[in-house]
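Novice: Got a structure for you, written out below as structure tokens; questions coming shortly.
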2 protein chains.
Amino acid sequence: MLSDRSARLGEGVGDLSRNVRSRTRREILDAASGLFAVAGFKGTSLQDIAAEVGCSKATLLYHFDGKDAILVEMLAPAVGAFGVLDRQLAGLADDTVQLAAVKGYVDLVLSFRREVTVLHGDIPGLLRHPALADVQGMVDRLLDALASRSPDPSAQVTALMVLGAIPIVCMKPVAMNDDELRDVLVRSAAGALNARGA
Amino acid sequence: MLSDRSARLGEGVGDLSRNVRSRTRREILDAASGLFAVAGFKGTSLQDIAAEVGCSKATLLYHFDGKDAILVEMLAPAVGAFGVLDRQLAGLADDTVQLAAVKGYVDLVLSFRREVTVLHGDIPGLLRHPALADVQGMVDRLLDALASRSPDPSAQVTALMVLGAIPIVCMKPVAMNDDELRDVLVRSAAGALNARGA
DNA sequence: GTCTATAGAGGGATAGAC
DNA sequence: GTCTATCCCTCTATAGAC
């Protein structure tokens, strides 16, 4: 169902008027993600979202099973893509997994900037959420991959640094297009990882 | 008054029984910082803090002018130390400021782990707080220093990465003492910064 | 200085008309 | 499918007894 949903992201011009349901849902998700990104999940009320969309709180709760459901569905495509990366990395050997992890993680973050901003803004609360339980495991495996699956503490610390270094570029605007940005991120992350032994 | 307070941090055995006021205040600050760190500022209620301390909500509000005041006073020593670093870096030349910024920032984060965790856990909400208004400016100047005061976008992105890379080590426990940790952090951060041109 | 009790605001969620 | 009105809860903060 996750892949189902992400597949619908690039939906074309065809059946716009068929079901209004999807359209309103998407407006709600758009408004919510924007507000969550600047004020945090707990810092945003249903009233805030309703005001942004231009509807009532009751309408939000007709389309979603609660505030949490809005968050979960908003993050679903990003979580799905993270899962894909997780499975890709699982199939790689220890000596090739690190660079693939860096590139895959950078791509993931750049593809889901808003979602990453939301997650990054309320780490203590959100990663504890039941619906995001698998994310914690994926983060742990990503860290392991970034450390070339080495048990060396210094490798693990550096992996942690890379994990924290990438998402922060979502917060501040930067005068670069995405291709240049991807390049700088991958190069600098690799530089941090290599500097460990030097 | 900030330096006044930080100076009192290492207070000895002398006048413990003199004013109970300070003792209770510190218990409150301790409990609050621990809870803020794991559940976030908005995710922690006065009731939570009162339960941890073993007193009533009213007692908290007798000692502090409100929930915000607890946060601000809890962060005061860290903010003060950040200000010291800020002024030190201001006096350095462009070609020496980067390494000093890295070392100073790493030391700062390692010295105030809990405070950094609190700030890091609720970035959207907390940096907007009026009492923490100067922090935003200090962060901007630190970023500038980490970029060797270069206007190059790639230097600024890398500085941003370093800014995000250090605090995350506060969140996960790591099998290293602080001296080793400081060394890895500085070395890897320098590696990221140098990799930019390579 | 600490407590109980309570005010007052705002949150999420539901009921029922349209 | 959307609305208004309302319920119930939790939160911050205050009042006043001890």
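The values are calculated or read from the model by the stated rules, or taken from the named source; none is laboratory data. Treat the numbers as computed from the prediction; the structure is a model and nothing was measured. For neighbour counting, all protein chains shown are included, and Cβ atoms are generated from backbone atoms with ideal geometry for every residue, glycine included. These accessible areas exclude ligands, DNA and RNA; they are computed on the full protein's heavy atoms, side chains included. Shrake-Rupley method; radii C 1.70, N 1.55, O 1.52, S 1.80 Å.
Novice: Of everything in region A:162-186, what is more than 17 Å from the chain's Cα centre (by Cα) and either more than 8 Å from chain B (Cβ to nearest Cβ) or open to solvent by 70 Å² or more (accessible area, probe 1.4 Å) (or both)? Give them in sequence order.
Specialist: Within region A:162-186, A:Pro173, A:Ala175, A:Asn177, A:Asp179, A:Glu180, A:Asp183, A:Val186 qualify.
Novice: Here's a check for you: in region A:44-59, which residue that is under 23 Å from the mean Cα position of the chain (by Cα) and near DNA strand C (Cβ under 9 Å from one of its atoms) is most open to solvent (accessible area, probe 1.4 Å)?
Specialist: It comes out as A:Asp48.
Novice: For A:Ala93, work out the one condition from (1) in the same structural domain as A:Thr44 (by TED's automatic domain parsing); (2) away from DNA strand D (no atom under 16 Å from the Cβ) it doesn't fulfil.
Specialist: All conditions are met except number (1).
Novice: Can you name the condition, by its number, that A:Gly43 falls short on among (1) within 14 Å of chain B (Cβ to nearest Cβ); (2) within 16 Å of DNA strand D (Cβ to nearest atom); (3) in a helix (DSSP H, G or I)?
Specialist: Failing condition for A:Gly43: (3).
To keep it simple, each residue is scored yes or no on (1) over 20 Å from B:Ile123 (Cα atoms); (2) of a type in the set (A, V, I, L, M).
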{"residue": "A:Lys103", "(1), (2)": "yes, no"}
{"residue": "A:Ser111", "(1), (2)": "yes, no"}
{"residue": "A:Leu119", "(1), (2)": "no, yes"}
{"residue": "A:Leu127", "(1), (2)": "no, yes"}
{"residue": "A:Leu132", "(1), (2)": "yes, yes"}
{"residue": "A:Leu142", "(1), (2)": "yes, yes"}
{"residue": "A:Ser150", "(1), (2)": "yes, no"}
{"residue": "A:Leu163", "(1), (2)": "no, yes"}
{"residue": "A:Pro167", "(1), (2)": "no, no"}
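Novice: Here's another thing I want to ask about it. Kindly provide the set of residues from region A:135-161 that are touching a residue at least 24 places away in the same chain (Cβ under 8 Å), at the interface with chain B (Cβ under 7 Å from one of its Cβ atoms) and among the aliphatic types (A, V, I, L, M), ordered by number.
Specialist: Passing the criteria: only A:Met161.
Novice: When you go through B:Asp68, B:Asp30 one by one, which is the residue that is under 30 Å from A:Leu126 (Cβ atoms), more than 15 Å from DNA strand D (Cβ to nearest atom) and either at pLDDT below 95 or open to solvent by 30 Å² or more (accessible area, probe 1.4 Å) (or both)?
Specialist: Just one listed residue meets the conditions, B:Asp30.
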